[in-house]
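Below: one structure, written as structure tokens.
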Protein chains: 2
Amino acid sequence: MDIAEFRRRGKEMVDYIADYLENIEKRNVYPEVEPGYLRALIPEVAPDEPETYEDVVKDIERVIMPGVTHWHSPYFYAYFPSANSFPALLADMLSGGIGCVGFSWASSPACTELETVVLDWLGKMLKLPEEFLAGTNGEGGGVIQGTASEASLVALLAARSRMVKRVQADHPEWTELHIMSKLVAYTSSQAHSSVEKAGLIGVVGMKKLPTDSKFAVRGETLRKVIEEDKAAGLIPFYFCATLGTTPSCAFDRITELGPICCAEGMWMHIDAAYAGSAFICPEFRPLLEGVEFADSFNFNPHKLLLVNFDCSAMWVKKRADIIGAFKMDPLYLKHDHQESGLVTDYRHWQIPLGRRFRSLKLWFVMRMYGRRGLQQHIRKQVALAKEFETLVLKDKRFEICAEVVLGLVCFRLKGSNDLNETLLKRINASRRIHLVPCQLAGQFVLRLAVCARTTESRHIRTTWTLITQLASELLHENQH
Amino acid sequence: MDIAEFRRRGKEMVDYIADYLENIEKRNVYPEVEPGYLRALIPEVAPDEPETYEDVVKDIERVIMPGVTHWHSPYFYAYFPSANSFPALLADMLSGGIGCVGFSWASSPACTELETVVLDWLGKMLKLPEEFLAGTNGEGGGVIQGTASEASLVALLAARSRMVKRVQADHPEWTELHIMSKLVAYTSSQAHSSVEKAGLIGVVGMKKLPTDSKFAVRGETLRKVIEEDKAAGLIPFYFCATLGTTPSCAFDRITELGPICCAEGMWMHIDAAYAGSAFICPEFRPLLEGVEFADSFNFNPHKLLLVNFDCSAMWVKKRADIIGAFKMDPLYLKHDHQESGLVTDYRHWQIPLGRRFRSLKLWFVMRMYGRRGLQQHIRKQVALAKEFETLVLKDKRFEICAEVVLGLVCFRLKGSNDLNETLLKRINASRRIHLVPCQLAGQFVLRLAVCARTTESRHIRTTWTLITQLASELLHENQH
């Protein structure tokens, strides 16, 4: 394909994407394929000779689309949103075109510097404490990770390294592994599975703490377990708080938890993967109070802030803590400015070496929506969830299972878990809407997350009609 | 921005990218900016109100481009290539438009299944042993990681977990950390820094082995250190071999090393990040002999195989080994097909949870180039490196420092390290070409990697003219 054909095919692809998104509602949100469907549709080996673009492009509808779960359908309510906006798509195209790999300042200064500055922009939009911003001579700063999982892991590794060094200062005869055998980390029993995975990778004990009636970890719970663990000779070093848990969008009480972590010299990381975007609205900002006690904070603009996946924003108060956990500098990665202290080499802030120019999409989105436009988007998603909640509350056969704070509604039929499991199966089997379940206090619960940018009130009402219709059928069958 | 504007702006962006790539040669390959240049060029906070697309787009040339290191300039010879091809750009646009997150089969079956099948395609193109392929009921298979760093880490964690379980079977009273204190991993002193980083993250001893005169680790070296370590009570568990090291593109002797790893029950991971693409050519395939002894193998199609970053292809013989290191299944990620054994949930094969639809670009590239087109590309890059080597060899002031096998030439002025360091500084200060150095056997060496798809013989000759001109000036100054 020469450059002239790329111009033509690129424009066709823009139209294909526009057509896809414009008509996505006509597709079943959840595919009908069975596992293994795709292998039979394409050859067993790659072609020896080039195929034409026509050959390839016709397979998008034949091979790919039948197996796509349409995350941007207005009827997609599963997991949490994965953002998709036009400014982000355009910026990602540009990022691909430039195609630089920004592991060090020198490998593409614009890639590194834009990231630092737009994470300051975003931090200011959230009113993060000054210490989290890079500014021109701050000790902290932001970085774009791929996912919140990586942020939790990076924070845990930094915390581990910091505590090992601290303990070794008092006990130079103790090995790293001996110290690690005493380390203990904590998170909520409602925390994302990736926090537990971070503990497995980092080989540290990770205790899951019970929550209160609102599914939040309270200070008293943490205080008690810390006391017990210290009495048993353990060293508490890391607490991963969640603001907006995955099952029910619960908020750990960081104003209670933070001071405890500080007093104990523990690292508090805040995982606000989903909820974090909402903190740009003054009415939701109080949920972030207590962030001043955290060592690191993370949320995913790729969830609720209209930046396409992947873009997980993470800030630390002391960049030296993160860099200290990883740093190594072979000669082929050295550059003249490295020792000046003025430059950031983001490869020391993350697990991978390479990184794409992801700040472009954050920059495009913040500028083309403006703070006000982004706030409007969040308020709209929340209002739609509230509308759905109101519909549920009006139907006495159903119950709401957790407070609706942002765009997630947890609900169920009053009745057994089996009943609800069957209802969910039928809902998803319709393929017209797509939800996933969660477990709350032993109950099987349906989760409806307002996901797509294009979901409107009419979709919410259609969705509720379908759910109640399926519920009526199910309850009717059960009565007979 | 509404959908009509996206159609218009998307087409403009296609043209911008095409113009950029078409005229990239006119730009200085390495930017002139000083650290901190960007912050002064844009406001301190994000705008409250939306800006227009014109506002944003005009800042690409004003703010971004002055700070870009142009990886796709034909005069870019630093690091290793990061691929950029039109089919991959088109596929990445499609991936962004679909915008699914493929962490589980159900979250988008096409995303998971295409990945499995095209990694079989690619594995067959490399003539990987059958055991690495997924097929319809294989125990192995492929996965796209973001970077080779992640692949080395995932392999190390799988190896650690496998060995801990094995040792615990014999010594149920030993804790994981106690066993870890005995574990020892090995890699080449020439291995990529990310292998050492993987050891740090995984908290296992990582010994760097000396190499022979061709910068390759030999079997005898590994055998000796294993014997010593076992005698000292340690447990060798992981060897990371490199095919195509970053400093000099050296090849560890896996036909010697592999049988030793197998005999010891160690995990052999092969990191062929750069060189792996070449193995699709029959003339380079012998370099991969010995892969049958490996547990995992990885290379980056985003380096030499025309697939835009990020696309790091990894295969394992036993997927259960990888999954076993991480697996955890919260209810909101469960789906009906999960227990059938037919489906792959790639979130258990990697560090992050989320993942983009990256197999599309691999699929587009393999089809639109065909095996033959990809072979041609590799042969062209190698021929250009050979051409440069010939120029160097003709000039008696210079020497070649390592065998030129693929697209990398390591060379230097005969003389001191200081002399070569000054030469490199002047080369890069010209901003017309861009190289990075390496250290080989205590010598400061210049690395010229043929990177861009568009580098031609005339660029190589112009490059050599510039280098010899700067060298002549430098040597002349030194004589006076």
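FYI, it's all coordinate maths here, none of it is from the lab. Predicted model only: the values in this text are computed from it and were never measured. Every residue, glycine among them, receives a Cβ derived from its backbone with ideal geometry; neighbour counts consider all protein chains shown.
For B:Glu289, which inter-copy label distances result when the label point lies 7 Å beyond Cα on the Cα-to-Cβ vector, reported in nm to one decimal and in ascending order?
The projected label point of B:Glu289 is separated from its counterparts by 7.2 nm.
What FRET efficiency do you get for A:Asp212 and A:Lys414 if R0 is 22 Å and r is their Cβ-Cβ distance, rounded to the nearest 0.05? Before the final figure, lay out each step's value.
On the way: r = 23 Å, r/R0 = 1.04.
Between A:Asp212 and A:Lys414 the formula returns 0.45.
Hey, rough spin-label estimate for A:Ile3 and B:Ala40, points 7 angstrom out along Cα→Cβ, what's it come to in nanometres?
3.3 nm
For the protein assembly as shown, build the charge dipole from Cβ charges (+1 Lys, Arg; -1 Asp, Glu) around the Cα centre, then report which of B:Leu157, B:Gln443, A:Pro66 sits farthest towards its positive end.
A:Pro66
Can you give the Kirkwood hydrodynamic radius for the protein assembly as shown, in Å, rounded to one decimal and based on Cα pairs?
Hydrodynamic radius (Kirkwood, Cα pairs) of the protein assembly as shown is 28.7 Å.
With +1 on each Lys and Arg Cβ and -1 on each Asp and Glu Cβ, how big is the dipole of the protein assembly as shown about its Cα centre, in debye rounded to the nearest 20?
280 debye
Which of A:Thr255, B:Thr187, B:Thr116 has the fewest other C-beta atoms within 10 Å, and how do the rest follow up to the most?
So the residues, fewest neighbours to most, are A:Thr255, B:Thr116, B:Thr187.
Quantify how strongly other chains surround peptide B:347-358 by giving the mean number of their Cβ atoms within 10 Å of each of its Cβ atoms.
Per residue, the average neighbour count from other chains is 6.
Less than 9 Å Cβ to Cβ from A:Arg356, Lys/Arg counted +1 and Asp/Glu -1: what total charge do the surrounding residues give?
Local net charge: -1.
Considering only the label points, 7 Å along Cα→Cβ from Cα, what distances in nm to one decimal separate A:Lys414 from the same position in each other copy, shortest first?
9.5
What is the packing order of peptides B:6-16, A:66-76, A:308-318, B:210-220, taking the mean over residues of other C-beta atoms within 10 Å and listing the highest first?
Listed from highest to lowest mean packing, they are A:308-318, A:66-76, B:6-16, B:210-220.
Dimensions of segment A:404-480 along principal axes (Cα, Å, largest first)?
Here the spans come out as 41, 27, 18 Å, largest first.
Averaged across the residues of B:45-57, what count of C-beta atoms belonging to other chains lies within 10 Å of each residue's C-beta?
Per residue, the average neighbour count from other chains is 6.
Could you derive backbone 3J(HN,Hα) for segment A:3-20 from the dihedral phi with the Karplus parameters 6.51, -1.76 and 1.60 (θ = phi - 60°), listing whole Hz in sequence and x where the residue is Gly or Pro?
Calculated HN-Hα couplings, in order: 5, 5, 5, 4, 4, 5, 5, x, 5, 4, 5, 4, 5, 4, 5, 4, 4, 4 Hz.
Please find the FRET efficiency linking B:Glu456 to B:Arg426, where r is the Cβ-Cβ separation and R0 is fixed at 30 Å, and quote it to the nearest 0.05.
Result of the calculation: an efficiency of 0.75.
If I take R0 = 41 Å and measure r between the Cβ atoms of B:Glu61 and B:Glu477 in this structure, what FRET efficiency does the formula 1/(1 + (r/R0)^6) give, to the nearest 0.05?
Numbers: r = 37 Å, r/R0 = 0.91.
The formula returns an efficiency of 0.65 here.
Return B:Asp229, B:Asp92, A:Asp418 ranked ascending by Cβ neighbour count within 10 Å, so the fewest neighbours appear first.
Least crowded to most crowded, the residues run A:Asp418, B:Asp229, B:Asp92.
Return the Rg/Rh ratio of chain A with Cα-based radii and a Kirkwood Rh.
0.99
Could you please report the charge total around B:Gly205, scoring K, R as +1 and D, E as -1 over all other residues with beta-carbon less than 12 angstrom from its beta-carbon? Don't jump to the answer; show the numbers that get you there.
Details: positive: B:Arg160, B:Lys182, B:Lys207, B:Lys208; negative: A:Glu176, B:Glu196, B:Asp229.
Result for the neighbourhood of B:Gly205: +1.
Quick one: check the C-alpha center-to-center distance for segment A:288-325 versus segment A:214-229, whole angstrom.
Value for the Cα centre distance between the two parts: 24 Å.
Report the convex hull volume per residue for segment B:65-126, counting only C-alpha atoms, in Å³.
Enclosed volume per residue, from the Cα hull, is 157 Å³.
Spelling out what I want: for every residue of segment A:282-298, take phi, set θ = phi - 60°, compute 6.51 cos²θ - 1.76 cosθ + 1.60 (Karplus), and round to whole Hz; glycine and proline get x.
These are the phi-based 3J(HN,Hα) values: x, 5, 9, 4, x, 5, 8, 4, x, 4, 4, 8, 7, 8, 8, 9, 9 Hz.
Among B:Ile260, B:Thr245, B:His302, flag the residue with its Cα farthest along the positive direction of the charge dipole of segment B:245-307, charges on Cβ as +1 for Lys/Arg and -1 for Asp/Glu.
Looking along the dipole axis, the top candidate is B:His302.
Report, in listed order, any pair from B:Lys230/B:Lys318; B:Lys207/B:Lys317; A:Lys208/A:Lys386; A:Lys197/B:Lys318; B:Lys197/B:Lys361; A:Lys317/B:Lys208 with a Cα-Cα distance greater than 23 Å.
B:Lys230/B:Lys318; B:Lys207/B:Lys317; A:Lys208/A:Lys386; B:Lys197/B:Lys361; A:Lys317/B:Lys208, as the Cα separations exceed 23 Å there.
B:Ile460: net charge of surrounding residues, Cβ under 12 Å, Lys/Arg +1, Asp/Glu -1, itself excluded?
+1
Run the simple label-point estimate for B:Lys26 and B:Thr175 please: 7 Å along Cα→C-beta, distance reported in nm.
Using points 7 Å along Cα→Cβ, the separation is 6.6 nm.
Can you show me the helix-derived [θ] at 222 nm for chain B, built from DSSP H runs with n ≥ 4 at -39,500 (n - 2.57) apiece and divided by the number of residues, rounded to the nearest 500.
Result for chain B, helices only: -14000 deg cm²/dmol.
Using θ = phi - 60° and the Karplus relation 6.51 cos²θ - 1.76 cosθ + 1.60, list the HN-Hα couplings for segment B:310-326 in order, rounded to whole Hz, with x at every Gly or Pro.
10, 7, 10, 8, 10, 10, 10, 6, 10, 4, 4, 5, 6, 4, x, 6, 10
Using alpha carbon centroids, what distance separates segment A:119-145 and segment B:342-417, in Å?
Cα centroid to Cα centroid, the span is 37 Å.
At B:Ala320, label 7 Å along Cα→Cβ: distances to the other copies, nm, ascending?
Ordered by increasing distance: 4.9 nm.
Taking the Cα atoms of segment A:1-87, what is the range of coordinates along each of the three principal axes, in descending order and whole Å?
42, 35, 20
What is the fewest-to-most order of B:Arg379, A:Arg319 by other Cβ atoms lying within 10 Å of their Cβ?
B:Arg379, A:Arg319
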